[in-house]
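For reference, the structure discussed in these notes is given below.
Coordinate-derived values only; no laboratory data. Since we're looking at a predicted model, the values are computed, not measured. We place every Cβ from the backbone using ideal geometry, glycine too, and count neighbours over all the protein chains shown.
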Amino acid sequence: MGKYFGTDGFRGEANADLTYEHAVKIGRFLGWYYGKKNDKKCRIVIGKDTRRSSYMFEYALVTGITASGADAYLMHVTTTPSVAYITKVDEFDCGIMISASHNPFYDNGIKLLNGKGEKMEEDTIAEVEKFLDGEYGELPIARKDEIGRTVDYVAGRNRYIGYLISNVSYSMKNIKVGLDCANGSSWQIAKSVFDALGAETHVINNAPDGVNINTNCGSTHIEVLQKYVVENGLDVGFAYDGDADRCIAIGEDGSIINGDSILYIYGTYLKSKDKLPNNTVVTTVMSNFGLYKAFDEAGINYEKTAVGDKYVYENMIANGHGIGGEESGHIIFSKYATTGDGILTSLMLMEAKMLTDKKLIELAAPFKVFPQVLKNIRVKSKPEARADEKVVAIVNEVAEKLGDDGRILVRESGTEPVIRVMVEAATLEECEAYVDSVIEVIKAQGHAV
């Protein structure tokens, strides 16, 4: 991670941590950089979510891009995966998504994608950060007919909708589907897809006003859709986050199908058809211990990456794996997309449900979730706390006691001065006791703030 950009873009409170000046500079640098690199006029496609500040950042990026002599193509309000898709298929030099994902409305973010629709390479982002810090000095400004154009590109969003529909080979006729659009990016897309496939579509939280994105709705407030599905007798429900790159599902009985459950359902579905690439599913280290137990019983291999869908995707591409994701609902299907895609995930789950003629809760039943306790402790120095001999000793002691019936994970936060201690075991009481024993040692050694 860099000074400004983390694993999922440059994110922070709008005009506090991330300002419109930052956006102008990012647009200006990218327009100049790719124009020089490819020796031609640069083309950049931009999408945004429904936050009030997204419009400000869009105009700021366009100002920088066009001033550098590049052309800016605007998809307007759309999803992160749609920008990734269009960047790749329409051969843009790069793509930009303006969104802070599941964060509250007053935050925002700038996500950068390379010409393949993948998260931009770290070395390029490092150059962007150098420009933000003034290391490049002034860049040339375009004049006369070299000034860039701004092009309305809402057609790209519509073609993405067509692409999603084209990947479905079954009808949802007579299926009652509930969608929670989080008052975000999916509000103009998700219903169109499900309607076109014949579903009886019921939609909530699809009236964005600039400040209600993710507010008591969407995948981070799954209880809202949970109640809606049960009260209205729906067959299934899908909740998205602000930029619709994640999905959490609800079964007809109100059961929650999170990212781990989705990985299990679709992984075993593909295996049953002998279509699971390398017989492997990619997870992060934060996936539930019960998922690995269930995969073992199903005869499915798995790999673990650092937290972040960026690392999941990198592993999948490097090793030719077909499905991977996070417990939070970022699921990547490498055959169809280069990033997590909430709406695509919905369609893949519906495929498993429709073609097996089973309820989602039935498909997920063999996956038994282990109780989990995760606690954070603020420390003076994350590396020193993690490396302390007595801390290492207590962590090893807990791991030994858990054996094959649980696990402990102690890791440094990537964004805060915090150590995260997580234990999964047979009972919640065991989890609490083991987590507290580690935290007590961290405190006793004088690392806590």
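Computed quantities for the displayed model
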read-out: Region 372-444, dipole about Cα centre (Lys/Arg Cβ +1, Asp/Glu Cβ -1), debye to the nearest 20; value: 440 debye
read-out: Selection from LEU139, PRO366, ASN232, by position along the positive dipole direction of the chain (Cβ); value: LEU139
read-out: Order of ASP243, ASP260 under a 10 Å beta carbon neighbour criterion, fewest first; value: ASP260, ASP243
read-out: Inter-label distance for LYS368 and LEU409, nm, one decimal - labels placed 7 Å from Cα along Cα-to-Cβ; value: 2.1 nm
read-out: Packing-based exposure ordering (other Cβ within 10 Å, fewest first) of VAL421, VAL168, VAL229; value: VAL168, VAL421, VAL229
read-out: Relative contact order for the chain, counting Cα pairs under 8 Å that sit 6 or more residues apart, in percent; value: 12 percent
read-out: DSSP bridge pairs, the chain: antiparallel proportion in percent, nearest 5; value: 55 percent
read-out: Charge-dipole axis of the chain as Lys and Arg at +1 and Asp and Glu at -1 on Cβ define it, positive-most pick from GLY324, MET422, ILE86; value: ILE86
read-out: Stretchable slack from GLU122 to GLU429, in nm (0.36 nm times residue separation minus alpha-carbon distance); value: 106.3 nm
read-out: Spacing of the two label points (7 Å from each Cα toward its C-beta) at ASN167 and LYS37, in nm; value: 2.5 nm
read-out: Pairwise centroid distance, computed over Cα atoms, of region 7-72 with region 415-439, Å; value: 41 Å
read-out: Pairwise centroid distance, computed over Cα atoms, of region 289-341 with region 205-265, Å; value: 21 Å
read-out: Rounded to the nearest 20 debye, dipole of the chain from Cβ charges on Lys, Arg, Asp, Glu; value: 1060 debye
read-out: Gaussian network model of the chain, springs between alpha carbon atoms under 10 Å - residue of TYR160, TYR313, TYR136 with greatest fluctuation; value: TYR136
